[in-house]
Each structure stands twice: as C-alpha cells, then as structure tokens.
Amino acid sequence: MSVCFPKLSRVAVCGGTHGNELSGVYLVRELQRCAGDGAHVNTLLCDTFVFPSPSGPISDTAPYEMIRSRELNALLGPKGSPKAVDLICDLHNTTADMGLCLIAYSDHDWICLHIFRHLQRQMPDIPMRYIHFDVSNKESYSLDSVGKHGFAIEIGPQPHGVVRSNIYTAMKFGVQHMLDWVRFFNSGTIFEGGFVDVFTMVKHIDYPRDRETRNITAAIHPQLQDRDFSLLQPEDPLFQTFSGETLRYKGKEPLYPFFINECAYYEKSIALSLARKRRVMIPCKGTL
C-alpha cells in the first residue's frame, strides 16, 4: 500500500511554549539567526511562550497567555482551516529521562510517523519513542494541533530553567533531520513503508497523598526512577514512602511508564503516565 500527500509548503518550528524549557527557546533563536542559509522550505520560526486552548471568547482583561494563544492561532491556523500551516513542530524539554520523543494526537498520521522513522535512522544513538495521546483533534489543546499535521518533540532529562549542551544538540539535530525529510518529501522522494512502535497513553498515576492535607507522602521508588519506557509489571516497586515503605504497582497488566517524576506535573497530580506499546505499519509515501 502507498499513499500520497500534497507538498508541505509551510512548516512551523516553535520554541518556548513553556518558557522555562530552554532548549527550544535557544534553538529557535539560533535558527532565526541562521534563517535563509540554504533553506528550501517556507519555515516559520516562532518564539511562542505558553499556549492554552485557542477556543472561546477573549475579554479586555484576559491574561497574556490567552491573548498570545489567539495570536498564534491566527498566525499558524486557524485550527482546522485550509489556511493552517502544513506542519508544526513544537519543541519541549522534560525533567524525566525519556530521551527524544515525538508526541502526537494521531497514531495514523503517516507524515508524522515517517518523520519519526527518519529520525530513528539518522540518530541511532539517541533513545527515541513515538507517544500517542488518544484525543480527538477537536479536544486537543496543544500548539502542534493547530497545523494540518503536527507533533511535539519532547527531550530530556533537562532541569527546567537551564540548558544542557547534549540535550540542546540532540534537539537541534532532530529538527535539522525533520526539515531535511520535508525537503526530500517535497522534492518527490518516495519513502518505503515499515513498522513503528507506538506508545499510546492509557492513564496517569498520582503520588500517594495524605487524606486531609493532600500533601504527598511518597516519592518515586529508586528502582523505577529514571527507567522511563521500561516495562512495569504488576507488583513491581512504584513508590517509596517517606517512612521507608515500598508501595507496589497494583495494575492488572504490564504497561510502560513515562514522564516519571516530571517536575512540571507535580501541580497536575501526576507522578507518571502509563502506556501500551503496539507496532504500527506505515505505508510507503510520496507527494501528489
């Protein structure tokens, strides 16, 4: 089976959706500085700085984040319209030890899956996964959902508010290879089909908490910390209470943990997320 798509004439690379995730901030600034050096794709380079949902009315007293989201929706979309950019790549960092992940709302967007497969081949020394959030396009809220195709690049571990050279460099190479793939695709290259492992998010797990104060009473167990995407079996250690007790995973099926102990998710009551892994066949691809 083969599929064909129109050329990707407008591509947006965005950094700073979360302003303390600095790899994307500095990479977009560097790409802006070097803009025009051999580029053959109409690439929009955006300093975004936070992006809540673009839907709904806006008041004169709306916060900056809401106003900025409307501006970005107008610049890159409008979401769901024929005028939307063809592809959005939104750059993020995580404090979790996740390597380089592509996060998308579709497990059958062949453009995104082929880009992921290309990055895997070009960067074999970087742990790389494709994460699927099973949410409809209408319900999706992130910046990459504004484009006709889109994904986030999430790379770590990196503490928020700092930039690590190795993490920045891996993100830079990932973006360069992504743009190379777009150029190959637009020039008529046919990409062979194959298989990709997709991690579909199933649920989140919160930290154990005191019933009255709601303060957390345990941390991620040392045997689980920094083991993102290592299969978690029922009865494996999950948390270690502050008094030293081991709390075990009580799920009925083995699942793959990710975003383990992510700093930004404490306020969201998420200690880690769990995913099922399955193999997806992608067809060979070319342009119309």
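Quick notes on this one:
- Against the main long axis of the alpha-carbon atoms of the chain, helix 165-186 sits at an angle near 40°.
- Charged neighbours of F173, selected by a Cβ distance under 13 Å, balance to -1 (K, R count +1; D, E count -1).
- One chain, two ends: D180 and E235. Fully extended at 0.36 nm per residue, the span grows by 15.3 nm beyond their Cα-Cα distance.
- Furthest towards positive pole of dipole, F229, P208, L255, structure part segment 205-270, Cβ charges: P208
- Our helix-only sum for the chain, with -39,500 (n - 2.57) per DSSP H run of n ≥ 4 divided by its residues, gives a mean residue ellipticity at 222 nm of -7000 deg cm²/dmol.
- Within straight-line reach of K83, meaning a Cα separation under 19 Å, sit the following lysines at least 8 residues removed in sequence or on another chain: K7, K138, K148.
- Sum of side-chain charges, L8 neighbourhood, beta-carbon under 11 Å (Lys, Arg +1; Asp, Glu -1): +3
- Rounded to the nearest 20, the Cβ-based charge dipole of the chain about its Cα centre (Lys and Arg +1, Asp and Glu -1) stands at 640 debye.
- Element breakdown for the chain at a 1.4 angstrom probe: carbon and sulfur atoms account for 52% of the accessible area.
- Nearest 10 degrees, 0 to 90: helix 64-76 Cα axis against the chain principal axis: 40
- Counting only lysines at least 8 places from K203 when in the same chain, those with an alpha carbon closer than 18 Å to its own are K250, K252, K268, K277.
- Spin-label pair S9-R70: with each label point 7 Å from Cα along the Cα-Cβ axis, the two points sit 2.9 nm from one another.
- Normalised by the number of residues in the chain, the average gap of Cα pairs under 8 Å and 6 or more apart makes the relative contact order 22 percent.
- Contour minus Cα-Cα distance for F195 and R33 (0.36 nm per residue): 54.6 nm
- By the Cβ distance rule of under 4.7 Å, the chain has these cysteines without a partner: C4, C34, C89, C101, C112, C263, C284.
- Using a probe of 1.4 angstrom and keeping all protein chains present, the accessible surface of segment 205-270 works out to 59 square angstrom per residue.
- Accessible area per residue in Å² at 1.4 Å probe, computed on segment 85-149: 35
The values are calculated or read from the model by the stated rules, or taken from the named source; none is laboratory data. Everything numeric here is computed off the predicted structure, so don't read it as measured data. Ideal geometry is used to build each Cβ from the backbone, glycine not excepted, and the neighbour counts take in all protein chains shown. Ligands, DNA and RNA are excluded from the accessible area calculation, which covers all protein heavy atoms including side chains. Shrake-Rupley method; radii C 1.70, N 1.55, O 1.52, S 1.80 Å.
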